[in-house]
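Enquirer: The following block contains the structure, expressed as structure tokens.
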Amino acid sequence: MGNREDLLAGARRCLEEKGYLRTTVRDIAAASQVSMAAIGYHFGSREALLNQALFAAMDEWAAGSGRLAGKGDTAAERYADTWDRKIQDFGDMRWLWTANVEAFVAAQSSPELLATLAESQRRSRPMVAAQLRGVPEDEVGEEDVRSLGSVHLALLSGVMVQCLTDPEQAPTGRELARGLRAMAELLEN
């Protein structure tokens, strides 16, 4: 690997061990065995490097677990199974989700990071809506993007925070499916 790749790998290790907010330039340089000056040369700043490492880890997670393909026979069972896998990921990859929340906090004083996070959400909504509908992304209408996609992302963030805060009391996939069904019934009246 070259210095750039070493820095990305070192930044990821730092995210796993120290989180987004507590990782320093010195930490990354030590973890990657590359000079601190190389961070500025290759990425411009500590934040830009951490952002790239965090987004790469998120993309890696999404590629491996974002599909609505549970083992159940009904759509509700598959949805619940999918949530059970995501909830398991929140525990198994706690570092990733904590770093994600820390990046959101840091973005409140970083217009560039805030714009990047907002763009990521915009790209995620149609993907999620397509997964829920079981159709290719280019077949998803704007109404589904804004409703299904937005609600699912809100649910993802909320469940993630519950899992990070109180994992023993966080909902299961079946409880989420039942809750959504109950909410839909309430909204029909």
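The values are calculated or read from the model by the stated rules, or taken from the named source; none is laboratory data. Just so it is clear, the structure is predicted and the values come from calculations on it, not from any experiment. Every residue, glycine among them, receives a Cβ derived from its backbone with ideal geometry; neighbour counts consider all protein chains shown. These area figures cover heavy atoms from the full protein model, side chains too; ligands, DNA and RNA do not enter into them. Shrake-Rupley method; radii C 1.70, N 1.55, O 1.52, S 1.80 Å.
Enquirer: Among the residues of region 161-179 satisfying the criterion of being within 18 Å of Thr74 (Cβ to Cβ) and either among the charged types (D, E, K, R) or touching a residue at least 12 places away in the same chain (Cβ under 8 Å) (or both), which is most open to solvent (accessible area, probe 1.4 Å)?
Expert: So the residue we want is Arg178.
Enquirer: Confirm whether Arg22 is part of a loop (DSSP other than H, G, I, E, B), over 18 Å from His152 (Cβ atoms), open to solvent by 30 Å² or more (accessible area, probe 1.4 Å) and out of contact with any Cys (no Cβ under 8 Å at 6 or more places or on another chain).
Expert: Working: part of a loop (DSSP other than H, G, I, E, B): yes; over 18 Å from His152 (Cβ atoms): yes; open to solvent by 30 Å² or more (accessible area, probe 1.4 Å): yes; out of contact with any Cys (no Cβ under 8 Å at 6 or more places or on another chain): yes.
Yes, satisfied.
Enquirer: Sort through Ala30, Ala38, Ala48 and tell me the only one that's farther than 30 Å from Ala129 by Cα, of a type in the set (Gly, Ala, Ser), in a helix (DSSP H, G or I) and open to solvent by less than 60 Å² (accessible area, probe 1.4 Å).
Expert: Details: Ala30 fails: open to solvent by less than 60 Å² (accessible area, probe 1.4 Å); Ala48 fails: farther than 30 Å from Ala129 by Cα.
The unique qualifying residue is Ala38.
Enquirer: On the given criteria, is Arg122 in contact (Cβ under 8 Å) with a residue 60 or more places away in the chain, over 13 Å from Leu21 (Cβ atoms) and of a type in the set (D, E, K, R)?
Expert: Numbers: in contact (Cβ under 8 Å) with a residue 60 or more places away in the chain: no; over 13 Å from Leu21 (Cβ atoms): yes; of a type in the set (D, E, K, R): yes.
Here the answer is no, as Arg122 does not meet what is asked.
Enquirer: Might you let me know whether region 82-97 holds any residue that is under 19 Å from the mean Cα position of the chain (by Cα), not in a helix (DSSP H, G or I) and not basic (Lys, Arg)?
Expert: First, the residues of region 82-97 that are under 19 Å from the mean Cα position of the chain (by Cα): 82-97.
With not in a helix (DSSP H, G or I) added as a condition, the list becomes 93.
Still in the running and not basic (Lys, Arg): 93.
Among the residues of region 82-97, at least one is under 19 Å from the mean Cα position of the chain (by Cα), not in a helix (DSSP H, G or I) and not basic (Lys, Arg), which makes the answer yes.
Enquirer: Also: Going residue by residue through region 95-106, is there one that turns out to be open to solvent by less than 70 Å² (accessible area, probe 1.4 Å), in contact with a helix residue (DSSP H, G or I) (Cβ under 6 Å, 6 or more places away or on another chain) and of a type in the set (Asp, Glu)?
Expert: no
Enquirer: Still on this structure, please answer the following. Hey, can you tell me all the residues within region 130-160 that are β-branched (Val, Ile, Thr), open to solvent by less than 70 Å² (accessible area, probe 1.4 Å) and part of a helix (DSSP H, G or I)?
Expert: Val145, Val159
Enquirer: Still on this structure: Would you check if there is a residue in region 61-77 being among the aromatic types (Phe, Trp, Tyr) and within 17 Å of Glu5 (Cβ to Cβ)? Steps first, please.
Expert: Our first condition is that a residue be among the aromatic types (Phe, Trp, Tyr); within region 61-77, this holds for 61.
Next, only the ones that are within 17 Å of Glu5 (Cβ to Cβ) stay: none.
Within region 61-77, not a single residue is among the aromatic types (Phe, Trp, Tyr) and within 17 Å of Glu5 (Cβ to Cβ).
Enquirer: Restricting attention to region 54-74, does a residue exist that is at pLDDT 90 or above, open to solvent by less than 30 Å² (accessible area, probe 1.4 Å), over 22 Å from Asp89 (Cβ atoms) and in a helix (DSSP H, G or I)?
Expert: no
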